[in-house]
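Undergrad: Could you have a look at this structure, given as structure tokens, before my questions?
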Amino acid sequence: MFTPIFRGERLRLAAPLPEDAEVFAGWTQDDVYLRLLDDDPVRPEPPSQFAAFATGHDGATSTYFHLRTLDDDRLIGFVVLFNIKWRNQSAEMAIGIGNAADRGKGYGRDALRLILNYAFSELNLHRVGLSVLSYNEQAIRAYERAGFTREGVLREMVQRDGQRYDLFAYGILRDEWLARG
């Protein structure tokens, strides 16, 4: 009758739990993960830094899910729709897969399908955008396979290890998502 919105092929969108903060803090020990995630300065964080994520969302402007595997209910990452502009039916999206061993195994593809279905079918959004660092080639391929279109480039926006990198802006519209069927 309805398309499942929380359960994919390999994982599910789950509510954050207080004990998840310890796992998230562990991921901050991995500087590669942090440098792929965004352009903030990287540093290890204590579990208390992630306590606010236990609520899962700010109903007005964001919806936040943890990613759990279907086979063993293991926490592997997060996905969030944020900066939701209800009047414009738009939001931004971010995703992270914490452990390097879980990357490249199809979890990100499954999470993208789930969150885009949620955004367009459940929240009735028209557009979802994101930004990605130009050196995060694996994420770029995943976004493009999911149907995102590169809409712009912020040239030399990020400096890492004495080098400058571009920040790419991507977006997908509801009609584009639905056409992928």
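What follows is calculated from the coordinates using simple rules that are stated; it is not laboratory data. Computed from a predicted model, the values in this text were never measured in an experiment. Neighbour counts run over all protein chains shown; Cβ positions are idealised from the backbone, glycine included.
Undergrad: When only DSSP loop residues count, what trypsin sites (Lys or Arg not before Pro) in region 77-175 have their Cβ near at most 13 other Cβ atoms within 10 Å?
TA: Sparse-neighbourhood loop trypsin sites (Lys or Arg not before Pro): R87, K105.
Undergrad: Please give me the summed charge of the neighbours of S134: other residues whose Cβ is under 12 Å from its Cβ, Lys and Arg +1, Asp and Glu -1.
TA: 0
Undergrad: What are the ³J(HN,Hα) values, in whole Hz, obtained from phi via the Karplus relation 6.51 cos²θ - 1.76 cosθ + 1.60 with θ = phi - 60°, for each residue of region 144-159 in sequence order, with x given for Gly and Pro?
TA: So the Karplus estimates, Gly and Pro as x, are 5, 5, 6, x, 5, 10, 5, 9, x, 9, 9, 5, 6, 6, 10, 10 Hz.
Undergrad: Can you list residues whose amide H is under 5 Å from R74's amide H, if they're 5+ apart or on another chain and H is modeled 1.01 Å from N?
TA: Sorted by chain and number, the residues that satisfy this are T69.
Undergrad: Arranged by the count of other C-beta atoms within 10 angstrom, fewest first, what order do D73, D39 take?
TA: D73, D39
Undergrad: How much of the DSSP bridge set in the chain is antiparallel, in percent, rounded to the nearest 5?
TA: Roughly 90 percent of the beta bridges in the chain run antiparallel, per DSSP.
Undergrad: Within a Cβ distance under 12 Å of T3, other residues only, what is the Lys/Arg minus Asp/Glu net charge?
TA: Combined, the nearby Lys, Arg, Asp and Glu give +1.
Undergrad: Once label points are set 7 Å from the Cα along Cα→Cβ at both R10 and S62, what is their separation, rounded to one decimal in nm?
TA: Each label point is offset 7 Å from its Cα along the Cβ direction, giving 2.6 nm.
Undergrad: Turning to a different aspect of this structure: Count the net charge of all other residues whose Cβ sits under 12 Å from the Cβ of Y107, scoring Lys and Arg as +1 and Asp and Glu as -1.
TA: +4
Undergrad: Which whole-number percentage describes the relative contact order of region 11-129, with Cα contacts under 8 Å and a sequence gap of 6 or more?
TA: RCO, region 11-129: 24 percent.
Undergrad: Mean residue ellipticity at 222 nm from the helices of the chain, using -39,500 (n - 2.57) per DSSP H segment of n ≥ 4 over the full residue count, to the nearest 500 deg cm²/dmol?
TA: -6500 deg cm²/dmol
Undergrad: Points 7 angstrom from Cα along the Cβ direction at L178 and R155: gap in nanometres?
TA: Going by the 7 Å Cα→Cβ label model, 3.8 nm.
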